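Notes to accompany the following structure.
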Amino acid sequence: MFGKVRFGILLLFLAVIAWGNPFLRLSRYQPQEGDLVFQSLPANSDLVKAIEGVTESPYSHCGVVIKKDGKWFVNEAISDVHSTPIFEWIRRGRWAKFDVYRLKPEFQKHIPKFIESLEPYQGRPYDFRYRLKDDAIYCSELIYHAFYDASEIHLGKTDKLGHLNWKPYTQTIIRYEGGDPPLDRDMITPIGLSKAPQLMKVYGKIED
């Protein structure tokens, strides 16, 4: 009896490891340049909780898949704008889960210019105030601006903060804004970006 219990615990332990294993996650996803990847960051930050709570979605971060020197990276705005090896990017997310959205075939002609258009934003600092300006930039804003630069197409729908679920997170917003919540501020949120009609979901694990 004890042996069966111990064997069952071992199987459960191995299943938990496999469930959150970024190697397995990556092996099931075939990257393509220009893919947009979305994840839930670790929920130990008031900012992450606010992003997911205000937008009422599991997405607190996103980036663009690119290939450099035969290796896959995610170009992202997190501390600043830079590229992160895709394995490290996946491992950072909660339970190593992520979702992938790909441009529909009729929009894939913009991918080469889209990748090029990311370059001018490299090194810019992260925007904790979430303004649609280029001096400092946040994750979904990077994608929104770069794709427009490449195609003159707005990817996704912007929302005003006042139309979102901001009230439970008032103190967090005030702390990062340095003043009253800017309810008229237009923002492109990760979930708003993911709903762009030009995109199709090709891989998803966050809701599994």
Note to self: Given Cβ point charges of +1 (Lys, Arg) and -1 (Asp, Glu) and nothing else, what value in debye, to the nearest 20, does the dipole of segment 2-204 about its Cα centre take?
What the structure shows: 1040
Next item on the list: Treat every Asp and Glu Cβ in segment 91-140 as -1 and every Lys and Arg Cβ as +1, leave all other atoms uncharged, and give the resulting dipole magnitude about the Cα centre to the nearest 20 debye.
Entry: 320
Notebook entry, point to check: Dipole of the chain (Lys/Arg Cβ +1, Asp/Glu Cβ -1, origin at the Cα centre): which of I115, C62, G178 lies farthest to the positive side?
Noted result: C62
Item checked: Per-residue Cβ neighbour rank within 10 angstrom, fewest leading, T170, T55, T189, T84 -> T170, T84, T55, T189
Next item on the list: Quick one: among P168, P125, P58, which has the greatest mean-square fluctuation in a GNM of the chain with alpha-carbon springs under 10 angstrom?
Entry: P168
Notebook entry, point to check: When the chain is treated as a GNM, springs tying every alpha-carbon pair under 10 Å, which of K68, K104, K195 comes out with the largest mean-square fluctuation?
Noted result: K68
Next item on the list: Arrange the following residues from fewest to most other Cβ atoms within 10 Å of their Cβ: S45, S60, S83, S40.
Entry: S45, S83, S40, S60
Next item on the list: Rounded to the nearest Å, what's the spacing between the alpha carbon centres of segment 47-89 and segment 154-199? Just the number, please.
Entry: 17
Note to self: Taking the 0 to 90 degree range and rounding to the nearest ten, how far is the long axis of helix 46-55 tilted relative to the main principal axis of the chain, both from C-alpha atoms?
What the structure shows: 70
Notebook entry, point to check: Rounded if a/c is under 1.5, else prolate if a/b beats b/c, else oblate: with a ≥ b ≥ c from the C-alpha gyration tensor eigenvalues square-rooted, which is the chain?
Noted result: oblate
Check: Which residue, Q108, Q30, Q122, has the most motion in a Gaussian network model of the chain that connects Cα atoms within less than 10 Å?
Finding: Q30
Checklist line | Contact order relative to length of the chain, as percent, for alpha carbon pairs under 8 angstrom and 6 or more apart | finding: 23
Note to self: With 10 angstrom as the radius, rank V202, V81 by how many other C-beta atoms surround their C-beta, starting from the fewest.
What the structure shows: V202, V81
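All of the numbers you see were taken from the coordinates with simple rules; none came from a lab. Fair warning: this is a prediction, and the values are worked out from it, not measured in the lab. Using ideal geometry, Cβ is built from the backbone for each residue, glycine included, and neighbour counts are taken over all protein chains shown.
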